[in-house]
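The values are calculated or read from the model by the stated rules, or taken from the named source; none is laboratory data. Everything quoted here is computed from the prediction, not taken from an experiment. Here Cβ is always computed from backbone atoms with ideal geometry, including for glycine, and neighbour counts include all displayed protein chains.
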């Protein structure tokens, strides 16, 4: 399969089951909601090093949020409910509770729930109050600008982490611009985040290492400076590879994001130095979700 | 002391000795240097909850950086060298090594040093190379877009965390705008960061709590909804308080930032709802650095 | 009618019939589409001084744009078709044709049309080509990065300019933050723009002046420093007034924006210094469109 | 002369004498100063189509501005004093006078001056006041958020417009990224602006046209789709050319910007698809200022 000169590899991207939650941060205006949301989702590129993968999903108008103020929707993904809750609490406690004028709410109506304000309320030192609205409990914690309002629990659901596409190009400039075009359109989609800085990754890794205690190391098969090595897959004219990693609530969300990304990259095409798109996988043994590139393109 | 109707309290802000490092992140352009720098300095508001306090110091032109590319200067503060190194390595590993086209260098020429690329090099799985330029060693780690260049060590120095001013106002809108003006001018200064989201803090805390295991809780003396409580300091007309926390390399850096911040807040003055500026302290028993507000104003 | 302590005046906002067009600017990524869109819509706050009122409507994903690339939707309003076309051509010629990688398309499928690329094509010095796709003609003009693609004609339709709300507050800080909250939510709506810088206006004007040749001058009835003057409407406690001006494709679009704005301002309410919301009008004699505030709130 | 594989052409960039002014816009915070400055400098890419070329020079801290508030420094260039004044007045009147909380001051202490607030004051309808501080007169015009303060006159000086470099590359992606790197570093310099959208230009033009009444048309010698034409200079492997235009207060300012830009482009070099850098000129007959590329590189 070749689109605009770009080979779409006959392979799949391998992704993992995760748990995800969505919270809505509101504030007096977008400026402050964004400050909280950006800080809260920083240092959250990979569950391996950061325990959680997080990002801003979208901005919300005042008619869409629980308290009628401008807001930001944030998605967080982790390997299990317990870690997810711990990270959610730590990050809301450090980056939202602290941030002027903010409030935080669950952005998912699932039966399965994790603590959002349930434990954070103790920061109130006994002066916190709660209110039950319908079947949801909200805490009001006295702070210096009034009260920090937070919902007691946040919905949690099964989700998928590590969907991806890998783009092969003749130079760094070319792979970067093609990925920027893809990232720009992918990041407008609901229910997904691109957890790495700016949405791109250049440090592809393989399982294992020659050094003890290191469980992963650079994927030397995809490093252009290591073309002489056994197993290095790169064609002579490939000098740069970039990955876009996608976490999504469902398989459909990831499929759609992959489709949009592949379309954007192929739109630039071979004349802009793009040679191939492939999917990152571990032979299908590690992740439960397999996203076949050619099927996605044909959908 | 009263400036433009604003009472400058006769007290001090109490700050703590810390260790700090500066790294310079370069990339093919600002967009990608900023992606790495913002992600790396996220979730870094307070050493208590995040182990490190971090922020972007400034953008750097290509004539100022070690490799002649556009860059961002980042400051990180922690309680001790060991924690600082651990956080620096984790954050560079997750947010810079991964980020397309970046490189990272020490931004401080101190004899005292912590590992920057020294251990990250093992990600190269034996394919990494080093080069000695003068007395500095640099590592080149093969990645998918070429090589990630990082300096082996980064300078570290004594520094100060937790310098602050506290602004008392009649309403939230007023305290927020006065602090925004202060933050805008303070954040242009070198050698400092304002670690909290957007530079402002509304969750002032006191030492201790009525709950076991919680070492800090809301500073109920400064909560406008708790005015009836014993010890609550707030005058009847104060409905909002906000803090600006400053970490700086030296006492002079913090003094200058406090001075600029106080000037900006007083410029709005009593007619814009600002009543008082004070300093956060613990009676002088916890922190080694005392910044007297009135002295700073008079400098 | 009083909402959260804020008086909703029993009056209307008076607006004018205009002509509007929408164009879609695409580029290799959002960064460059935004550069073109921001530059093209600058210096376009008021038809009186700028001949056109313009702004970015929203970002568009690659699946939404005519050429499958990331894009920006831009709205332009003017008093008549001829002026609108002249401004559209001048601004596309100076700010889009010049901008790397961009293309421009009509964003309205109306029978009524004005020239978009029809005359700009002559920049091609005879080397331009056209292609008919369906019933639309597109021009390809050779430029240094390849070809500038632009649709020949852009749809134009009747529209409305000068919808507005006026917010009265006790201080500048308060009126500014209330308007920021309103602007943040209003600017997410389709089919409208807020043409003034950042969406806010503080220079309300009245018809006429004591100086010859000046057709408008400061609305001294709403200036807090002129409270002693005959006709000055301001209550003793009002120290700041701000206007939000809305241009929209239809009356419904403006009504919805006004509703969202009023809700946002009232959400802050009297406790945040907001006293009243009114509408700017000229007694109903100048503009054909009257938007009654209380009706809009009740919708 | 070849740097990192990039040919530096043995030619010069030809630039024109202009008149320039600098104004400082202050506001309650950067957000609002930036709103005014961006709007005021929009649609100002070329004197031919916009009458003025304008841009933001830099942000200023509260200790640097005349009224001690956060500010933005803006530069405007035009062909002559009269046009410059007319544009300055129109743009300040539409985009600064209207913008909440702003004030505007001269940013140049020259004896030669043009009107800044001198005529705008009549908007005050007789209620304006002036104050003489030293030898400078300031006007205070009543507006709805208090008073708009503007200096009566702004300094004006001789300046230079149209300094430039032209970058030749193998693909659009590559020329764009190289120019972004150059623009990022050039835009940090004082005394210059890059007037085109995002700093880049892809519509190089030649004097004259085959169509009557058109004084300029596409420079077909530099269009990659027109390689077969007589006079088309492009080598077979050049598929994209981009220009960076620089306006500066002095020849030294432009030389420094060109130097930084050339360095940034060459840093990417031939391996990233960059083949040549040249200068745009008209044989030396139109512009009084000639900037020789090789001299500038050697400085």
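Remarks
- Some residue of region B:155-167 being surrounded by fewer than 23 Cβ atoms within 10 Å (Cβ to Cβ) and closer than 30 Å to residue A:222 by Cα: no
- Where residue D:248 falls short, out of the listed (1) without any contact (Cβ under 8 Å) to a residue 24 or more places away in the chain; (2) in contact with a strand residue (DSSP E or B) (Cβ under 6 Å, 6 or more places away or on another chain): (1)
- In region C:6-32, the qualifying residues are those that are in a loop (DSSP other than H, G, I, E, B) and outside the structural domain of residue C:99 (by TED's automatic domain parsing), and the one that is surrounded by the most Cβ atoms within 10 Å (Cβ to Cβ) is C:11.
- Among residues of region A:271-299 that are closer than 27 Å to residue A:215 by Cβ, those with a Cβ under 7 angstrom from a residue that is at pLDDT below 95 and surrounded by 19 or more Cβ atoms within 10 Å (Cβ to Cβ), sequence gap 6+ or separate chain, pair up as A:280/A:204.
- Boolean, residue A:26 is touching a strand residue (DSSP E or B) at 6+ places or on another chain (Cβ under 8 Å) and within 8 Å of chain B (Cβ to nearest Cβ): no
For every residue, the table says whether it meets (1) buried (at least 24 other Cβ atoms within 10 Å of the Cβ); (2) more than 24 Å from residue C:288 (Cα to Cα).
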residue	(1), (2)
C:143	yes, yes
C:146	no, yes
C:169	yes, yes
C:172	yes, yes
C:180	yes, yes
C:185	yes, yes
C:195	yes, no
C:201	yes, no
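- Across region A:174-191, the number of residues qualifying as more than 21 Å from residue A:237 (Cα to Cα), at the interface with chain C (Cβ under 7 Å from one of its Cβ atoms) and part of a helix (DSSP H, G or I) comes to 4.
- Wholly within region C:205-271, strands (runs of 3 or more DSSP E) carrying at least 3 residues that are at the interface with another protein chain (Cβ under 9 Å from one of its Cβ atoms) and either touching a helix residue (DSSP H, G or I) at 6+ places or on another chain (Cβ under 8 Å) or modelled with pLDDT of 95 or more (or both): C:216-218, C:240-248
- Output for region C:59-96, where each listed residue is surrounded by fewer than 24 Cβ atoms within 10 Å (Cβ to Cβ) and part of a loop (DSSP other than H, G, I, E, B): C:61, C:62, C:63, C:64, C:65, C:66, C:67, C:68, C:79, C:80
- Qualifying positions in region A:46-58 - facing another protein chain (nearest Cβ under 7 Å) and either in a strand (DSSP E or B) or crowded, with 18+ Cβ neighbours inside 10 Å (or both): A:46, A:50
- Failed item in (1) in a loop (DSSP other than H, G, I, E, B); (2) out of contact with any helix residue (DSSP H, G or I) (no Cβ under 8 Å at 6 or more places or on another chain); (3) more than 8 Å from chain D (Cβ to nearest Cβ), with residue C:159 passing the rest: (1)
- Residue that is nearest to the other protein chains (Cβ to nearest Cβ) [pool: residues in region A:111-143 that are farther than 27 Å from residue A:158 by Cα and touching a residue at least 40 places away in the same chain (Cβ under 8 Å)]: A:143
- Odd one out for residue A:284, checked against (1) surrounded by 18 or more Cβ atoms within 10 Å (Cβ to Cβ); (2) more than 14 Å from chain B (Cβ to nearest Cβ); (3) outside any helix (DSSP H, G or I): (1)
- Condition check for residue C:174: in the same structural domain as residue C:189 (by TED's automatic domain parsing) and over 19 Å from the mean Cα position of the chain (by Cα): yes
- In the set (1) surrounded by 17 or more Cβ atoms within 10 Å (Cβ to Cβ); (2) more than 28 Å from residue C:57 (Cα to Cα); (3) within 23 Å of the chain's Cα centre (by Cα), the condition left unmet by residue C:238 is number (3).
- Residue match in region D:127-137 (condition: surrounded by fewer than 24 Cβ atoms within 10 Å (Cβ to Cβ) and within 22 Å of residue C:48 (Cβ to Cβ)): yes
- Residues of region A:128-145 that are assigned to a strand (DSSP E or B) and in contact with a strand residue (DSSP E or B) (Cβ under 7 Å, 6 or more places away or on another chain): A:129, A:130, A:131, A:136, A:137, A:138, A:139, A:140, A:141, A:142, A:143.
- Scan of region A:103-118 for residues that are more than 24 Å from residue C:185 (Cβ to Cβ) and part of a strand (DSSP E or B), ordered by number: A:113, A:114, A:115
- Of the criteria (1) touching a helix residue (DSSP H, G or I) at 6+ places or on another chain (Cβ under 8 Å); (2) crowded, with 23+ Cβ neighbours inside 10 Å; (3) assigned to a strand (DSSP E or B), which one residue D:100 fails: (3)
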